[in-house]
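Enquirer: Here's a structure for you.
Readers should treat all values here as calculations from the given coordinates under stated rules, not as data from a laboratory. These figures come from a predicted structure and were not determined experimentally. Using ideal geometry, Cβ is built from the backbone for each residue, glycine included, and neighbour counts are taken over all protein chains shown.
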């Protein structure tokens, strides 16, 4: 019996040293992908597109269209359907013309700036959002080839724009028409991870000692009562 309690104590100390159980890393996705750019667009606009997630997700990066390097920096942001800016970021012109950030893809990426003390942006299933980018100096693309909205996690809903240089919610929005298929205005993009359906709850290592501790106390009481 004494050996049994010694083993329990050792196991408990090992679990305490392990600390909280951590959730596994989640796969990162890109909202829109395409094999090659389509018709180019240039001008002083905020250009973007509307979408609806098919799953709850967390935004991890924002991007601007980058066909051959950037002439200027670009503000990018995600708005909800009420026109509230939920997250924004600025892609710097750190990779000038002729030196793309991503030699394979068509985007340059940046980290996000969250309002107030918010640490992450969750987008929710079946809600409508708009990913917008200020395109002055570099432009956007329409009707790119072999377009794909990442593995069915994103439903394309519309395209829209606002005239002017600052980042803005689209004043003009055109709903997607399946009878007259048009995909645009791809000035902005984002990356995301899917939120777990039943997120694991971290369990402090000390909790693992509760069972062995109770058993140990019971054993000691039995010993001293004899």
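Enquirer: On a full-extension model of 0.36 nm per residue, what is the gain between residue 67 and residue 180, subtracting their alpha-carbon distance, rounded to one decimal in nm?
Expert: Going from the current span to full extension adds 38.1 nm.
Enquirer: Now, a different point. Using per-residue counts of other Cβ atoms within 10 Å, averaged over each peptide, order 139-149, 45-55 from highest down. It would help to have the intermediate numbers written out before the result.
Expert: Details: 139-149: 16.5, 45-55: 23.5.
Ranking, from highest mean packing down: 45-55, 139-149.
Enquirer: Calculate, in nm to one decimal, what residue 81 and residue 111 gain on full extension: separation in residues at 0.36 nm each, minus their alpha carbon distance.
Expert: My answer for the length gained is 8.5 nm.
Enquirer: Return the FRET efficiency for the residue pair residue 42, residue 143: r is the Cβ-Cβ distance, R0 is 22 Å, and the value is rounded to the nearest 0.05.
Expert: The calculated FRET efficiency here is 0.90.
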